[in-house]
Amino acid sequence: MTARRGERKAAHSGAIRVDFGPEKSVHGLSWGQQHSGYFGSPEVARAMVDTVRGIWRPANPDAVVDLGGGTGYFLGQLREAGLERPAALVVLDASAEQLGQAEAAGLTCVQGSVGVFRRGDVAPAGGRVLYVMRSVLHYAGEQGWRRLLRHIRRQAETGEYWVHQTACFERREDADCLNALYGKMRTGKWYPTVQVLGEGLESAGWEVVSTCPAPVLHLKSGELGMRYELDAADLKQIQREMIEEYGADNPVFHAAEDGFQAELHYRIWSCRAAP
Ligand SMILES: C[S@@+](CC[C@H](N)C(=O)[O-])C[C@H]1O[C@@H](n2cnc3c(N)ncnc32)[C@H](O)[C@@H]1O
């Protein structure tokens, strides 16, 4: 099924629902203000916009498809920066609330799961596709992230590009620390190290053309509490346990004025589908 601008389509596998739990409350209109405005910031988006513009000529896309593209903020920024030639701008997301905003921004929307979508759901037959994705891989969890890399590879033709900004850590101990935090917050989210992610991409059939750091996301306990339905007692308990297990002097988790703050590191990966 091919999406058309101004219309929201369900992906071929649209019946497979993604359960966002309490996190659903941050979807939609207020998404861009979450986490001190990280996902609604042109400065934050710039590095990934520049990366996509940098590979535009070899990618030569007829459609740019944002996987888990949310409110379409990233594609909006790309459009504003200017495209060398016209291309369809398509947001694939499982959340109706997020897609409501993307639709209002004039983007083509497809409701479905990144884990099971088909190329034909998001792009016209015969055209070249450039996939982008920002801050989504961790939703697949420790058991699912490699499968997701392989699934996206199967929806790309050899030589096509995928640019993604993904949370990952240079140091194993920092990844362990954030994974412990997300476990304690009762989410299934999971973060790899840079090395493990690079190897995972290669073994899923992606050639890493380049990679560079992206702005760090500062996660404040109050916002995390709202997003994951944790009350003040839960947050205090989590802080106590984290400091006991990971130390008071930790670069990615520390006490703050009104609770704690964690630091989510990101990298932008420019990948090409290998033969
Ligand atoms: C952290 S937000 C990032 C949104 C957007 N990429 C951005 O940078 O603003 C993650 C997005 O992924 C979507 N998402 C998570 N798991 C998904 C799945 N399995 N299929 C489709 N969308 C998914 C969520 O609805 C949400 O919009």
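The values are calculated or read from the model by the stated rules, or taken from the named source; none is laboratory data. Please read these numbers as outputs of a predicted model, since none were measured by experiment. Neighbour counts run over all protein chains shown; Cβ positions are idealised from the backbone, glycine included. For accessibility, only protein heavy atoms count, side chains too; no ligands or nucleic acids. Shrake-Rupley method; radii C 1.70, N 1.55, O 1.52, S 1.80 Å.
Observations on the structure shown:
- Exactly one residue out of 153, 171, 147 is within 16 Å of the ligand (Cβ to nearest atom) and among the basic types (Lys, Arg), and it is 147.
- Scan of region 12-34 for residues that are in a helix (DSSP H, G or I) and crowded, with 19+ Cβ neighbours inside 10 Å, ordered by number: 26
- Reported count of residues in region 221-274, each being among the hydroxyl-bearing types (Ser, Thr, Tyr), closer than 14 Å to residue 176 by Cβ and either without any contact (Cβ under 8 Å) to a residue 12 or more places away in the chain or in a loop (DSSP other than H, G, I, E, B) (or both), is 0.
- For region 185-220, filtering for residues that are closer than 13 Å to residue 166 by Cα and in contact with a Phe, Trp or Tyr (Cβ under 6 Å, 6 or more places away or on another chain) leaves 5.
- Total residues in region 104-129, condition open to solvent by 60 Å² or more (accessible area, probe 1.4 Å) and either small (Gly, Ala, Ser) or at pLDDT 95 or above (or both): 5
- Counted residues, region 107-122 - those being farther than 16 Å from residue 32 by Cβ and more than 11 Å from the ligand (Cβ to nearest atom): 7
- Take the conditions (1) open to solvent by 10 Å² or more (accessible area, probe 1.4 Å); (2) on the phi > 0 side of the Ramachandran plot; (3) assigned to a helix (DSSP H, G or I); residue 159 misses just one of them, which is (3).
- Every residue from region 137-147 that is under 23 Å from residue 159 (Cβ atoms) and open to solvent by less than 30 Å² (accessible area, probe 1.4 Å): 137
- Every residue from region 62-103 that is in a helix (DSSP H, G or I), within 7 Å of the ligand (Cβ to nearest atom) and either free of Cβ contacts under 8 Å to residues at least 60 places away in the same chain or surrounded by fewer than 17 Cβ atoms within 10 Å (Cβ to Cβ) (or both): 73
- Flag if residue 195 is within 24 Å of residue 68 (Cα to Cα), within 20 Å of the chain's Cα centre (by Cα) and open to solvent by 70 Å² or more (accessible area, probe 1.4 Å): yes
- Residues of region 123-144 that are over 19 Å from residue 62 (Cβ atoms), more than 11 Å from the ligand (Cβ to nearest atom) and of a type in the set (A, V, I, L, M): none at all.
- Residues of region 212-228 that turn out to be open to solvent by 60 Å² or more (accessible area, probe 1.4 Å) and either of a type in the set (Phe, Trp, Tyr) or modelled with pLDDT of 95 or more (or both), as a count: 3
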